[in-house]
1. Residues of segment 126-155 being farther than 12 Å from residue 78 by Cα and under 16 Å from the mean Cα position of the chain (by Cα), which ones?
2. Could you please tell me which pairs satisfy a Cβ distance under 6 Å, a separation of 6+ or placement on different chains, a first residue in segment 110-121 that is in the same structural domain as residue 137 (by TED's automatic domain parsing), and a second residue that is of a type in the set (D, E, K, R)?
3. Can we say residue 87 is modelled with pLDDT of 90 or more, within 18 Å of the chain's Cα centre (by Cα) and not assigned by TED's automatic domain parsing to the domain that holds residue 22?
4. For segment 77-155, which strands (runs of 3 or more DSSP E) that fit wholly inside it have 2 or more residues that are surrounded by fewer than 17 Cβ atoms within 10 Å (Cβ to Cβ)?
5. I'd like to check something: does segment 110-125 contain any residue that is in contact with an Asp or Glu (Cβ under 6 Å, 6 or more places away or on another chain) and under 21 Å from residue 76 (Cα atoms)?
6. Could you tell me how many of the residues in segment 1-18 are at pLDDT 75 or above and outside any helix (DSSP H, G or I)?
Amino acid sequence: MWKDKLKEVIYILENSDVNEIEVRFWFRKIKVTKKPSIISPEFSKNLNTLTSHTNEELQSSPKKEDNESVTANDKTFTVHSPMPGTFYSSPDPDSSPFVKKDSSVNEGDTLCIIEAMKIMNEIQCERGGSVKEVLVENGSPVEFDQPLFILNCSE
C-alpha cells in the first residue's frame, strides 16, 4: 500500500513545477525532493561553522540532556501545527474553547482550528491524556510545525 502511495507522490512531483513534496498520513511522513536546493558558498560556510559549534556543544554534556529529554518525552506529547495559518481555539467567537489547560482529551478529539487560505482545518488529538499547556493565543498566526499544545499522555 505504501509503495503505491509513494509512486503517486513521485508521479505528482514529476508532473508539476513543485520541487519538493512532504506528505503526513497516520503518523508516517514521506518527503520527496526533485532537485537538490542550490546553496550559495557563503551560506555553506556559515552552515559549516554553525554545525561545528553545535557538535562541540553536544559533545560537552550529552548524557544530562539525553536523560532529561527522555523523561520529558515519555510523559508528554507536543501537538505541532500541520500548516501555517491562523489559530482559533473555538468554533466561533461566542463559543467556549475546544480545550483548556488541565482538560482531558481523547484520541480524535478536536483541539483547535487552523484557518489556511479561507479553509477551516480542525486539528485533532493524536493521543489521549490531559492538556498540560496551550502555547498559542486565540486568533494569532502560526507557522508550519509550530508547537500548539503540550499534552500529558495517559498511556
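The values are calculated or read from the model by the stated rules, or taken from the named source; none is laboratory data. What you see is a predicted model, and the numbers here were worked out from it, not measured in a lab. Ideal geometry is used to build each Cβ from the backbone, glycine not excepted, and the neighbour counts take in all protein chains shown.
1. Those that are farther than 12 Å from residue 78 by Cα and under 16 Å from the mean Cα position of the chain (by Cα): 136, 141, 142, 143, 144.
2. Sorted first by the residue in segment 110-121, then by its partner, the pairs are 110/122; 113/122.
3. On the way: modelled with pLDDT of 90 or more: yes; within 18 Å of the chain's Cα centre (by Cα): yes; not assigned by TED's automatic domain parsing to the domain that holds residue 22: yes.
Criteria met by residue 87.
4. On the way: elements: 85-88, 110-116, 119-124, 129-134, 147-153.
The strands (runs of 3 or more DSSP E) meeting that bar are 110-116, 119-124, 129-134, 147-153.
5. Step one: filter segment 110-125 for residues in contact with an Asp or Glu (Cβ under 6 Å, 6 or more places away or on another chain), giving 110, 113, 125.
From what is left, the residues that are under 21 Å from residue 76 (Cα atoms) are 110, 125.
The answer is yes, given that some residue of segment 110-125 is in contact with an Asp or Glu (Cβ under 6 Å, 6 or more places away or on another chain) and under 21 Å from residue 76 (Cα atoms).
6. The qualifying residues number 2.
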